[in-house]
1. Output the number of the condition that GLY113 fails; it satisfies all remaining conditions of (1) open to solvent by 30 Å² or more (accessible area, probe 1.4 Å); (2) at pLDDT 95 or above.
2. Sort out for me the strands (runs of 3 or more DSSP E) sitting completely within the range 1-69 that have 1 or more residues that are of a type in the set (A, V, I, L, M).
3. Going by what's in this entry, would SER85 be described as assigned to a loop (DSSP other than H, G, I, E, B), open to solvent by 60 Å² or more (accessible area, probe 1.4 Å), hydroxyl-bearing (Ser, Thr, Tyr) and at positive phi?
4. Mind listing just one residue for me: the one in the range 22-67 that is crowded, with 20+ Cβ neighbours inside 10 Å and over 10 Å from the mean Cα position of the chain (by Cα) and, of those, modelled with the lowest pLDDT?
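The values are calculated or read from the model by the stated rules, or taken from the named source; none is laboratory data. Predicted model only: the values in this text are computed from it and were never measured. All Cβ positions, glycine included, derive from the backbone under ideal geometry; neighbour counts span all protein chains shown. Quick note on the areas: whole protein, heavy atoms, side chains included, nothing else; ligands and nucleic acids left out. Shrake-Rupley method; radii C 1.70, N 1.55, O 1.52, S 1.80 Å.
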Amino acid sequence: QVQLVQSGGGLVQAGGSLRLSCAASGLIFNRHAMGWFRQAPGQDREFVAGISWTGGNTKYADSVKGRFTISRDNAKNMVYLEMNSLKSEDTAVYYCAGGDVMVTTTYSYDYWGQGTQVTVSS
């Protein structure tokens, strides 16, 4: 019923930029916090960025602060992750997530996108 459909992943060179998109359906979008997580092979899924219901509050992992920007368009039921100055360390599968409140823990989110691969080459 609830679907989060991601797009925008791919291969980019170090120092480049990439935008990830997440389209939500089957939920009241403006009553859900949204987040982005990522998972590298053999690693735990980690928090990247989060945004509150109306977009008034955001939070970022230290590793991406100043380089990534999360935003949302409630009229379009969309959430975005703009990634700039990409590093090889950013290579991972990125997941869009939705939950009741903006937190940094994976277990606090109820809905998940299918994941999209981001590969940064050097």
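1. (1)
2. Correct list: 3-7, 10-13, 18-25, 33-39, 46-51.
3. Criteria met by SER85.
4. PHE29
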